[in-house]
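Only one structure is covered here, and it is reproduced in the block below.
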Amino acid sequence: MRLYTHPACLRHDPGASHAERPSRLSAVTDALRGAFPQLPWEEAPRASRGQLLRVHDDALLALVLDTPVTEPTPLDPDTLLGPDSAEAALHAAGAGIAAIDAVMGGSTRRAFCAIRPPGHHATGSVAMGFCLFNNIAVAAAHACERHGLARVAVVDFDVHHGNGTQAIFESDPRVMYLSSHQMPLYPDTGHVHERGLGNVLNAPLQPGSGGEAFRNAWRERLLPALAGFRPQLVLVSAGFDGHRLDPLAQLELEADDFAWLTAELGAVADRHADGRIVSMLEGGYDLDALRECSVAHVRALIGHGG
Ligand SMILES: [Zn+2]
C-alpha cells in the first residue's frame, strides 16, 4: 500500500466559502498519517502534456495551464481557476500516473492518491463541477497506452455521476466505467440507459437511499458486471460525499458502507488483477466524514492484499 499527495494540491484556491476547499485535503492526509503512521507517502509528480492529451484536447490544456490569472476566475459557476490551480491540477493528474506505474511495476499492489482538485466531471474538452483535468481518466489512459492493458475498470462511488469519465471512455472498449450515484443530482447524467458500448453501467439511487440500497446496487448489478469484465486493473473514483454528513447530497451512507465496497473491490482485484487497485480522491465536503471515510477506505484497501 502506497499513498500519494503533493503540497501544490493544497494551493488550488477556488475562493472563500467554496465547498471544494484546501482543508478537505489536509483533513484526509492528517487522518491517514494518524491512522497509518507506517505507510509510505510519495510525492506526486506533474503529469506531462502528452499524458493529459490522451484524454483532453489542446484547448482545455491551454485554458487550465496557460491562462494568466491573478485571482480565482470562474470557468463555470462552480469551477474556478486561481493562480496556483494549474500546478495543483498537474500534480493531481500526475499522482495517478505514478501510482499506475508503481502497481504495474510490482512495487506495490494498492495505492491511494490524496489529491485535489477532483476530476471525474471534467470531459475531454470542458472543465466543470470543481474539476479541471479528469485525473482518473488520465490514469486509465496511461494504463492502456503505456502498460498495454486491454481491460481497465473505473469504479466510481462518488455521490455524483462521473459524466466526464463516462464521456471519455464510452466508445473505448478497453475501459469499463461503473458508477453508483444519487439521482436527481448534479450533473443529471448517469441514467440506466446510458450504456456506451456495453462498457458503461450506471446505478442511480434516490435521495435518502442509505447503505442497504447502496450495497444492494453493488452486490446485485455493479459487482457482478465488474467481475464479468475480468479487469486487469481496478481504478477507483473515491468520493465520500455519499456520507450522511455531506452538505451537497442526501445518500445517507456511513463509513462502513465505503469500507464494505472497498473490500468487495479488493476481492475482484485479487481474483483478476493480481490485487492491483489505484484509488483517487474525488468529492466529499464534510471534514469529519472525509477523515472517517478515507481511513476506512484505506484500511479496507490494505486488507489482506495491500
Ligand atoms: Zn461528488
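What FRET efficiency comes out for His147 versus Phe36 if R0 is 35 angstrom and r is the Cβ-Cβ distance? Round to the nearest 0.05. Taking R0 as 35 Å, the efficiency between His147 and Phe36 is 0.80. When only the Cβ of Lys, Arg, Asp and Glu is charged (+1, +1, -1, -1), the dipole of the chain relative to its Cα centre reaches about 1040 debye. Couplings 3J(HN,Hα) for segment 107-118, derived from phi with the Karplus relation 6.51 cos²θ - 1.76 cosθ + 1.60 (θ = phi - 60°), are 7, 7, 9, 10, 9, 10, 9, 8, 9, 7, x, x Hz, where x marks Gly and Pro. From the alpha carbon centroid of segment 51-101 to that of segment 160-218 is 24 Å.
With the simple spin-label model, which puts each label point 7 Å out from Cα in the Cβ direction, the Ala227 to Asp84 separation comes to 4.6 nm.
Here's how it looks for Gln250: its modeled amide H is under 5 Å from those of Gly208, which are all 5 or more places away or on a different chain.
Taking only protein heavy atoms and a 1.4 Å probe, the accessible area of segment 19-97 is 52% carbon and sulfur.
Placing one equal scatterer on every Cα of segment 214-306 and applying the Debye formula, the log10 ratio I(q)/I(0) at q = 0.11, 0.12, 0.13, 0.21 Å⁻¹ is -0.30, -0.36, -0.42, -1.03. Across segment 249-265, computed HN-Hα scalar couplings (Karplus, 6.51 cos²θ - 1.76 cosθ + 1.60, θ = phi - 60°) run 8, 9, 7, 6, 8, 10, 4, 4, 5, 5, 5, 4, 5, 4, 5, 5, 5 Hz from first to last residue, x flagging Gly and Pro. Could you work out the helix-only [θ] at 222 nm for the chain, with each DSSP H run of four or more residues adding -39,500 (n - 2.57) and the total divided by the number of residues, to the nearest 500 deg cm²/dmol? Mean residue ellipticity, 222 nm, calculated: -12000 deg cm²/dmol. Net length available on complete extension from Asp256 to Arg11 is 85.1 nm, with 0.36 nm assigned per residue and the Cα-Cα distance removed. Farthest towards the positive end of the charge dipole of the chain, among the residues Leu90, Phe214, Val155, is the Cα of Val155, using unit charges on the Cβ of Lys, Arg, Asp and Glu. Building the convex hull from the alpha-carbon atoms of segment 6-141 and averaging its projection over directions returns 8.0 nm².
Residues His193, His297, ordered by accessible area of protein heavy atoms at a 1.4 angstrom probe radius and largest first, appear as His193, His297. Using heavy atoms of the protein chains and a probe of 1.4 Å, the accessible area assigned to His18 is about 30 Å².
Couplings 3J(HN,Hα) for segment 280-297, derived from phi with the Karplus relation 6.51 cos²θ - 1.76 cosθ + 1.60 (θ = phi - 60°), are 10, 4, 10, x, x, 10, 9, 5, 5, 5, 4, 4, 5, 6, 5, 5, 4, 5 Hz, where x marks Gly and Pro.
Annotation: Arg151 carries an accessible surface of approximately 70 Å², with a 1.4 Å probe and no ligand, DNA or RNA atoms counted. Here the chain yields Rg over Rh of 0.92, to two decimals, using C-alpha coordinates and the Kirkwood radius.
Segment 116-229 has equivalent-ellipsoid semi-axes of 22, 18, 11 Å, by the square roots of 5 times the alpha carbon gyration tensor eigenvalues, sorted largest first.
Backbone N atoms of segment 59-96 closer than 15 Å to the 7 Å Cα→Cβ label point of Ser107 belong to residues 95-96. Mean-square fluctuations from a GNM of the chain, with a 10 angstrom spring cutoff on Cα atoms, peak among Thr165, Thr189, Thr70 at Thr70. Taking all protein chains together and a 1.4 Å probe, the residues Trp41, Trp218 rank Trp41, Trp218 from largest to smallest accessible area. Between the beta carbons of His18 and Asn216, assuming R0 = 41 Å, the FRET efficiency works out to 0.75 to the nearest 0.05.
The values are calculated or read from the model by the stated rules, or taken from the named source; none is laboratory data. Here the structure is a predicted model, which is why all the values come from computation and not from measurement. Glycine also receives a Cβ, built like all others from the backbone with ideal geometry; neighbour counts cover every protein chain displayed. What goes into the accessible areas is simple: the full protein's heavy atoms, side chains included, and nothing from ligands, DNA or RNA. Shrake-Rupley method; radii C 1.70, N 1.55, O 1.52, S 1.80 Å.
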